[in-house]
Structure formats: structure tokens, C-alpha cells
1. Select from region 279-295 the residues that are within 16 Å of SER136 (Cβ to Cβ) and either basic (Lys, Arg) or at pLDDT below 95 (or both) and write down the one among them that is surrounded by the most Cβ atoms within 10 Å (Cβ to Cβ).
2. Give, as residue ranges, the strands (runs of 3 or more DSSP E) completely inside region 192-271 that count at least 1 residues that are surrounded by 24 or more Cβ atoms within 10 Å (Cβ to Cβ) and over 20 Å from the mean Cα position of the chain (by Cα).
3. Just to be sure before I move on: is GLY306 of a type outside the set (S, T, N, Q), more than 17 Å from ALA143 (Cα to Cα), at pLDDT 95 or above and surrounded by 14 or more Cβ atoms within 10 Å (Cβ to Cβ) in the structure I sent?
4. Assigned by TED's automatic domain parsing to the domain that holds ALA143, farther than 30 Å from VAL85 by Cβ, buried (at least 20 other Cβ atoms within 10 Å of the Cβ) and among the small types (Gly, Ala, Ser): does that describe ALA334?
5. Mind telling me which of the residues PHE365, PHE386, PHE378 ends up being out of contact with any Gly (no Cβ under 8 Å at 6 or more places or on another chain) and either of a type outside the set (S, T, N, Q) or in a helix (DSSP H, G or I) (or both)?
6. Taking into account only those residues within region 66-81 that are modelled with pLDDT of 90 or more and small (Gly, Ala, Ser), which is farthest from ASN215 (Cα to Cα)?
7. Looking for something without any contact (Cβ under 8 Å) to a residue 24 or more places away in the chain, part of a loop (DSSP other than H, G, I, E, B) and either among the basic types (Lys, Arg) or within 21 Å of TYR138 (Cα to Cα) (or both) - is there at least one such residue anywhere in region 323-337?
8. Does region 192-212 contain any residue that is within 30 Å of ARG71 (Cα to Cα) and at pLDDT 95 or above?
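The values are calculated or read from the model by the stated rules, or taken from the named source; none is laboratory data. All values reported here derive from a predicted model rather than from experimental measurement. As a convention, Cβ positions derive from the backbone with ideal geometry for all residues, glycine included, and neighbour counts pool all protein chains shown.
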Amino acid sequence: MSHPYIPLTPADEKTMLETCGLTSVDQLFACIPESIRSAFRGDGLPPRPLSEDAVVRELSRLAAANTGTDRQVSFLGGGAYDHYVPNLIRSILFRSEFATAYTPYQPEVSQGTLQAIFEFQTLICNLTGLDVANASMYDGATAAAEAALMGCGASGRDRVLVSAGVNPRYRDVIGTYLKATDREATRVDLEPIGRTSGAAIGGADVAALIVGYPNYFGLVEDLAALRKQLDKKALLVVVANPIALGLFAAPGALGADVVVGEGMSMGVGLNYGGPGLGFMAVREALMRRIPGRLVGLARDHEGRVGYVLTLQAREQHIRRARAASNICTNQALAALAATIYMSTLGKSGMGQLAKLNYHKAHHAFRALCAIEGVRPVFSAPFFNEFAVRLPKNPVEVLRQLEEKDGIAGGLALGSEHPGLQDAVLIAVTERRTREEIGRLAAGVRRSVS
């Protein structure tokens, strides 16, 4: 009798093993350390199937080991931030017609989904100051990697410059994409003040320069100056924090050719790490190179408005290996959450939100730097995130904050950034109160004294 969920017979299993040159399933998993494999044998698995109620109770028990922002004050950043998610978003987002929607290839029955995606694209264009946005991507890291490939394709060059101020996880993903296509990612160091150095970004072999806005350390890059120093054929790719764009000049107005980023902050929520929401916007000249879905507005012969997927000749189901797009679906539900979020706040609301982040972060910065031995790492202007040096081991200080104050005090930078072993990265969003910032400063003062 076959397994109720695994549709393979013993004969199927034997054939598959023989094809791999193996005689048993244990051989297949021999590369996994024994200490890990043993955890899933015997008592590691339930002896029989569990009821639905028992499964829920077991999963609840496991989930209780997590610590969420409802139980701990979070000053964590580095790409994922504790922003408020209005209840309105959940109310609209989980209507059945949205929760079950998929890629809308049949426009005649998908007008609502298509219109929502079109609105998302429009809002992203308004936010970034560019001409065309796609219907979202997997996450910010893969969006940045796709932008690197786009730069190579548009310029006919194979070397991409990546600022040391770009999120280290993004840099890893970009490097993986480029290596797989026999292209090169070259790191560009930061100036002492924390901005990307313009001294090494010239060269006729450069396909693109990728910088953060703000960068990983929360610092605001001088995009206009970098664009002037970059070769004309090279693309300026900006990895932007969308909340910051409510306050700072749009990257498109400062010379950016491509703007990508992570949209999780816009109403999606942390959700223990996912899902993410990658966004991408480009200048019109790059419209046929942008990956992913594009929704366009059309009118019939009577002038009635309709929405369709357009420029599909870019995609892999038509051009196959020569396609500009290798994105086969998109984060439609997360993009809808961001659309509701941006529409709810509006232009003035996004501006007010960004100002709250900015001013609360600067209040925390001043409070911390008033502590003896605490000093800033960089001097360039920052948004809602900053790095400071501590007179004691940052890992120990963060441990004490968590255990004694219930505060996730930031990220220790030493493991990923040589020379910053004594530094922490601290993010302050609109959710942090004056009292919580005061608790953070008091906890740090106690830990370093």
C-alpha cells in the first residue's frame, strides 16, 4: 500500500536509487552529519500520525520558543524593521478574491487583480521617481541581483561595482548571480564618513554601480555625485529603503537608472522573516529589459479602460533562453499589502512617517552618544539607522539588554565588518516611544559602566 502523501512505490524508490548509483536511502543522505540525522530518528518523530488538534498544539509549543516584537522592544534593523502595520491592511488583504489570486494571464476574468498590480506599479514609480515599475519580485536581494544582470545586458559589460555599504546579504546574492553567469562583482569601499567612495567607480568596463539609499549603516549616499563620476554607459542601481523615500529626494531625480529594494516595511510585516517583497523601477529606456510582470492600461474601441499583462515577449514562456525576464511569478499578495499601505498613508502620510523615523532615530543617537565611551562610527547624515562604538564587547552588551531589559538592542557588526568589532547597528522606527529609547540608553549605560 502506498503512502497517503508520498506517491512513490517501493519499485519507484528502487529505480530512483539505482539511477543515482545508490542502494539505500541512507546512502543518499550520508553527506548530512550523523548528529543531525539522528535527531530525526526514533523519538525524534511521532510514532503515528497526529490529529489536527494535536498538530496545532505541537506547533504552538514550538512557536512559543520564538520571541516576537509583541514581547520584546526591537531596535533591530539591517534590512528588516519593526514598522506598524495598520489593521485596515489585513481586513482588505485577506478577502478571498485576493488571497486566492494567481498570475492573471486571462485579463477578462482578472481585472481586479490587474488593477491592483497596476496601482502598485504606479505608486512605486511615484516613490522612486522613475518611469516603469514591474509587478514586484521575490525580495530586495534578488531584485538587486536582477538589476546587476540588467546592467550587464544593457551595457554589454561584465563587471559590476557593489558598494560596501550595500546589505551584506544582498552582496552575497548579487555575487552568486554574477558568478553563475561568468561575470564579476567588485567591492567599492566606503569613505571614512561612511559614504561610497567615488574614487574607484570609473572605468570603461563597468556595467553598473550598486549603492544603498540609505546604505546598510543608515547613511544617505550622494547619488548625484556618484552618477557624475560613473561612466555614461554604466547604470546607477540604487537599493532604496521605501520609507526613507517619503522624506528624501527620489533616486530617479538624482540620476538613478534602476531603483530596487525590500518592500516588507510597507504593510507586510516582519512575520519572523518573510515573505519579502522586492520592488524594481527603471527608466523608460530599460523597459524591455526589466524582469517580471508588467501590467498596462489599455482602452477598447469604445474607450473603456481595461488592464492587461503587456510586453510579454520579454518573458521566458515566449523567448525561452533569450528572455529578459526569468521571474515566473511575483509576490502579488505582499504587493497588494504595500499598495493598500501606500494608498492609506498617501504622499503626506509617507512624509510624516519618514520624519517620525528620522527624528526618533536622532533622539536615540544623541541619548546614546551622551554615554561615556559611546561614540559614532560614521559622520555622514543618516535616516533611521546608525552605528555606534561601545567601550565594552557589543555581544555582551546586547545580551544584557535582552535578558535584563527585554530589549533587542541592535546588531553586532564585528562578524561581517572587519574593523567594527566594537560597533552595533541600531534602528529606530515610528513604533519606538520616548520611554523605550530611554530604557535602551539606560541599559547601555549600565552595561558599559
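1. ARG293
2. 206-213, 235-240
3. It is false that GLY306 is of a type outside the set (S, T, N, Q), more than 17 Å from ALA143 (Cα to Cα), at pLDDT 95 or above and surrounded by 14 or more Cβ atoms within 10 Å (Cβ to Cβ).
4. So ALA334 fails the test.
5. PHE365
6. SER74
7. Yes, region 323-337 contains at least one residue that is without any contact (Cβ under 8 Å) to a residue 24 or more places away in the chain, part of a loop (DSSP other than H, G, I, E, B) and either among the basic types (Lys, Arg) or within 21 Å of TYR138 (Cα to Cα) (or both).
8. No, because not a single residue in region 192-212 is within 30 Å of ARG71 (Cα to Cα) and at pLDDT 95 or above.
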